[in-house]
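Please treat every number below as a calculation from the coordinates, not as lab data. All values reported here derive from a predicted model rather than from experimental measurement. Glycine gets a Cβ as well: all are built from the backbone with ideal geometry, and neighbour counts include every protein chain shown.
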């Protein structure tokens with residue numbers, strides 16, 4: 001139940017009862033609206049191009065949410081107007097909060113329903129996603145649930161690489177994590193939470209760059225359960241260029257290392273999760289170093305190009321879950337065409353993780369600036 | 001986010017093993033009636049894992065073909081072995097690295113778990129008290145602020161409090177009604193909303209007594225929240241004692257007694273902890289002190305009597321015997337005398353005479369050993385024996401004396417973690433006149449390592465190596481075994497076991513020494529205790545075994561059965577009758593076996609009498 005005194009002190013030293021919004025501010029929320037007892041928070045900063053699709057997909061749900069709150073984090077591109085035109089509540093902090101977590105916490109003040117959904121402003125949901133996610137909360141110990149993630153667009157090499165990565169991870173790794181009761185992360189782009197538990201944890205923390213990892217691991221350490229519901233599908237827009245992908249990978253890799261630094265002691269008390277995190281951390285550091293440095297050196301030293309097969313020797317291990325996932329979606333051809341892109345993305349991924357480990361752990365240069373990519 | 005490199009590294013291996021383990025876990029969950037995710041997911045993930053394995057094998061095979069083809073085209077190119085070598089090496093490295101990382105995490109967990117305990121031991125009583133007081137002061141501020149805020153409370157805040165109060169009410173009702181599961185859920189909900197709630201913390205700890213680690217953490221938390229409540233210290237003391245950490249437990253009881261001098265539960269709890277720690281002298285003094293002021297306390301009087309019995313000198317006469325399928329029989333008469341012990345060390349002496357016969361020959365052995373048993377730390381038990389065995393003269397050969405003895409150290413993590421059992425021994429093998437006549441002596445060292453991998457699931461590794469010396473030759477016997485054990489309940493364990501035994505050479509000294517013995521068994525261990533403290537223990541094994549003679553191929557599988565049972569009946573305070581039965585239809589596992597079809601049964605009856 002309690003991971004360590006440090007965590008408790010840290011948590012409690014902060015404002016435990018975040019101020020709630022005055023009822024008069026709630027506007028449309030107070031009007032009786034048909035729908036399930038769920039409020040959706042959409043943090044948005046300059047998302048005018050995509051937020052409309054997100055809102056429309058929410059309004060088209062088979063079980064629509066009781067309220068949709070768009071947190072316009074002082075956008076300059078008319079995000080607020082787009083959202084207001086679709087009839088949802090738009091709130092705006094006095095100044096830019098500086099992070100997705102900050103905007104989400106601002107939105108959390110307006111939530112009056114027992115369940116809260118966090119969704120990115122560039123993510124659309126399958127029509128039954130909320131309906132599919134809800135049953136996970138029948139059990140009282142479940143604090144959060146997340147769904148299957150797939151890229152909205154699969155065109156560029158980076159989107160294709162991410163498509164394979166998600167097909168692989170959500171068909172295979174995440175299903176096993178769910179089976180063992182410990183999904184590694186309740187995805188930040190689409191997750192549902194119990195509002196009271198979210199409030200008890202002070203919402204999303206911005207002490208790391210991966211607020212979803214931070215929250216998920218905090219929930220586990222507090223004795224709560226997190227579920228993965230593969231039938232609840234969401235489609236975020238993934239980076240289409242190397243520049244955007246670089247920003248996202250930089251944020252993710254630093255965020256992961258920061259969370260390992262922050263939570264390692266508490267995670268040791270959580271069975272399976274501790275092994276999954278240790279394995280992921282090992283692969284992000286040692287395996288990445290082997291992948292980027294040792295394999296080429298070995299190939300040169302042994303004068304054998306066969307060593308370079310190491311880069312793709314695990315292709316069957318990747319291909320099997322990917323094809324299983326793609327077959328269920330009838331996207332076999334798209335998956336096969338995208339496979340080579342995965343190996344490119346994996347190499348880039350290794351570079352960013354290795355850099356993040358060096359910066360965060362060896363050089364003590366922690367990345368603190370939340371740079372929006374996708 | 002996907003951390004690491006999906007597919008590569010040890011992550012792929014970790015999830016492959018996770019997938020292959022799902023059927024076992026699902027079966028276990030179903031067997032225990034616990035909530036499970038369903039067979040559909042298990043079948044799907046196991047099928048994916050199987051397909052991955054097949055795919056990796058096919059890749060290796062294709063790679064081998066490609067390397068061979070490249071050798072024909074470019075004889076000088078490529079230096080790798082044209083086979084499945086590359087995937088095999090990658091697989092081995094991957095599995096080894098994964099084992100290294102997972103073991104490292106478990107060791108780190110053990111190390112981290114111990115550190116805070118050292119920091120909070122009451123050796124630093126004054127410091128801890130100061131910290132507790134500081135923490136109490138630090139809590140005053142939130143309470144004052146809370147009161148001020150409450151005066152201007154927002155409806156939402158009030159709603160939160162109402163939520164907590166509602167959970168607490170439901171939790172207390174469920175606790176009173178005996179619905180532990182509902183109560184635990186509600187108390188957990190209270191703590192999620194209000195982690196400072198000491199009442200919910202204490203109750204939740206009580207409800208988690210079956211999980212000593214969690215209970216201890218919660219009771220400690222309660223002490224931090226309510227440092228002036230002696231019952232918190234007693235609860236921590238009791239939880240520590242249950243996990244074998246007697247030194248710390250006693251310090252917590254001392255703390256409780258400082259806060260509530262003369263409190264019966266603290267005095268008696270402390271005395272019980274002393275009994276558990278085998279410090280019976282101190283326990284008798286503690287009980288005696290309490291009875292001096294409360295002479296009518298019947299319960300304490302009973303416990304004092306039991307402690308005196310445990311500390312008193314004792315004698316244990318015994319009679320036993322065995323019979324095997326070759327017509328060999330033994331009859332053993334002997335006894336053990338234990339000296340009085342007021343501390344954790346107990347000394348004794350054992351003597352016995354064994355007569356071994358087979359219808360033609362009869363020969364006798366006498367054994368005299370000094371014994372010492374000590375528990376220097378609560379988690380460590382050391383047993384030592386040293387003495388000699390004298391074999392009677394027979395057919396012109398004079399009597400001989402053989403030094404014998406045993407040293408055994410057992411360590412078990414008090415919180416149900418890993419356990420290690422190390423043993424070195426030297427003894428004469430006396431199952432048949434031929435073995436005794438040929439002076440067959442076993443000198444053996446061995447280890448058993450037990451590693452819990454999940455709740456109730458343990459892996460056991462057994463390794464032994466023995467030198468079997470006789471008048472004719474010296475042989476070496478090596479035993480390796482792996483056991484997967486599942487604790488179905490605290491007193492029932494089922495296991496799957498694989499044993500492999502090897503002898504370095506054949507022997508004509510009278511025992512069966514094949515090149516290789518393999519035994520696969522399903523085992524179960526059951527321990528029952530009645531209301532009258534009669535203990536029944538059964539260790540059953542059913543499986544198959546096969547043997548390969550020296551220089552010959554492995555023979556067919558045949559059945560392998562074994563049974564060990566113990567019945568201990570307390571007749572009166574300080575008097576206990578024990579009956580042990582040992583049967584084997586997988587005799588090749590024993591050094592005294594003569595053939596692969598050897599069967600054996602032995603029994604022993606003993607009576608332990610504590611002297612006044």
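If you restrict to DSSP beta bridges whose two residues both lie in the protein assembly as shown, what percentage is antiparallel, to the nearest 5? Don't skip to the end; give the middle numbers.
Working: 190 of 211 bridges.
Of those bridges, close to 90 percent are antiparallel.
Calculate, in nm to one decimal, what residue A:261 and residue A:348 gain on full extension: separation in residues at 0.36 nm each, minus their alpha carbon distance.
On the way: separation 87, 0.36 × 87 = 31.32 nm, distance 2.29 nm.
The span from residue A:261 to residue A:348 would gain 29.0 nm if fully extended.
Modelled label-to-label distance, residue B:526 and residue B:285, 7 Å Cα→beta-carbon offset: nm?
For the pair residue B:526/residue B:285, the computed spacing is 4.6 nm.
Mind sorting B:493, B:248 by how few other Cβ atoms lie within 10 Å of their own Cβ, fewest first? List each step's numbers first, then the result.
Values: B:493 19, B:248 24.
Listed from fewest to most nearby Cβ atoms, that is B:493, B:248.
Could you tell me which of rounded, prolate or oblate describes the protein assembly as shown, using a ≥ b ≥ c as the square roots of the eigenvalues of the alpha-carbon gyration tensor, with rounded for a/c under 1.5 and, failing that, prolate when a/b is larger than b/c and oblate otherwise? Before the final figure, lay out each step's value.
Values: a/c = 2.71, a/b = 1.42, b/c = 1.90.
Taking the square roots of the gyration eigenvalues as a ≥ b ≥ c, the protein assembly as shown is oblate.
Say R0 is 56 Å: what FRET efficiency, to the nearest 0.05, do residue B:24 and residue B:399 get from their beta-carbon distance? All intermediate terms of the calculation are to be shown ahead of the outcome.
Numbers: r = 56 Å, r/R0 = 1.00.
Efficiency, from the Cβ-Cβ distance: 0.50.
Relative to the longest principal axis of chain A, what angle (0 to 90°, nearest 10) does the C-alpha long axis of helix A:332-357 take?
The helix A:332-357 is inclined about 90 degrees to chain A.
On a 0 to 90° scale, report how tilted helix A:157-168 is relative to the longest principal axis of chain A, with both axes built from alpha carbons and the result rounded to the nearest 10.
80 degrees
Pairing the Cα long axis of helix A:211-221 with the longest principal axis of chain A, what angle in degrees results, from 0 to 90 and rounded to the nearest 10?
Around 90 degrees separate the two axes.
Classify chain A as rounded, prolate or oblate, taking a ≥ b ≥ c as the square roots of the eigenvalues of its Cα gyration tensor: rounded when a/c is under 1.5, otherwise prolate if a/b is larger than b/c and oblate if not. Intermediate values should be presented prior to the final figure.
Numbers: a/c = 1.73, a/b = 1.45, b/c = 1.19.
Since a/c reaches 1.5 and a/b is larger than b/c, the shape of chain A is classed as prolate.
By the gyration tensor of its Cα atoms, with a ≥ b ≥ c the square roots of the eigenvalues, what is the shape of the range B:516-591: rounded for a/c under 1.5, prolate for a/b over b/c, or oblate?
On the way: a/c = 5.86, a/b = 3.04, b/c = 1.93.
In terms of gyration-tensor shape, prolate.
Between residue B:476 and residue B:581, what length comes free when the chain is fully extended (0.36 nm per residue of separation minus the Cα-Cα distance, one decimal in nm)? Intermediate results must be reported in sequence, preceding the final value.
Working: separation 105, 0.36 × 105 = 37.80 nm, distance 2.87 nm.
Fully extending the segment from residue B:476 to residue B:581 adds 34.9 nm.
Could you calculate the contour length gain from residue B:298 to residue B:534, that is, 0.36 nm times the residue separation minus the distance between their Cα atoms, to one decimal place in nm? Can you show the working numbers first?
Working: separation 236, 0.36 × 236 = 84.96 nm, distance 2.27 nm.
Between residue B:298 and residue B:534, full extension yields 82.7 nm more.
Would you calculate the separation in nanometres between label points at residue B:411 and residue B:319, each defined as 7 Å from the Cα along the Cα-to-beta-carbon direction?
It is 4.3 nm.
For chain A, what is the relative contact order in percent, using Cα pairs closer than 8 Å and at least 6 residues apart in sequence? Walk me through the numbers before you get to the answer.
Values: 660 pairs, mean separation 71.3, N = 374.
With pairs under 8 Å counted, the relative contact order is 19 percent.
What FRET efficiency comes out for the pair residue B:93/residue B:180, r = Cβ-Cβ distance, R0 = 45 Å, nearest 0.05?
Values: r = 47 Å, r/R0 = 1.05.
That pair, residue B:93 with residue B:180, gives E of 0.45.
On a C-alpha basis, how far is the centre of the range A:114-173 from the centre of the range B:198-272 in Å? Whole number, if you could?
If we compute the Cα centre of each part, the gap is 45 Å.
Would you mind ranking A:281, B:579, A:148, A:343 by Cβ crowding within 10 Å, fewest neighbours first?
Values: A:281 22, B:579 14, A:148 26, A:343 17.
Going from sparsest to densest Cβ surroundings: B:579, A:343, A:281, A:148.
Hey, rough spin-label estimate for residue A:56 and residue B:603, points 7 angstrom out along Cα→Cβ, what's it come to in nanometres?
8.6 nm
Given the -39500 (n - 2.57) contribution per DSSP H run of 4+ residues, what per-residue ellipticity at 222 nm results for chain A, rounded to the nearest 500 deg cm²/dmol? The partial results should precede the final answer.
Details: 14 runs with 157 residues, N = 374.
For chain A, the value works out to -13000 deg cm²/dmol.
Give me the distance between the Cα centres of the range B:385-416 and the range B:283-329, rounded to whole Å.
27 Å
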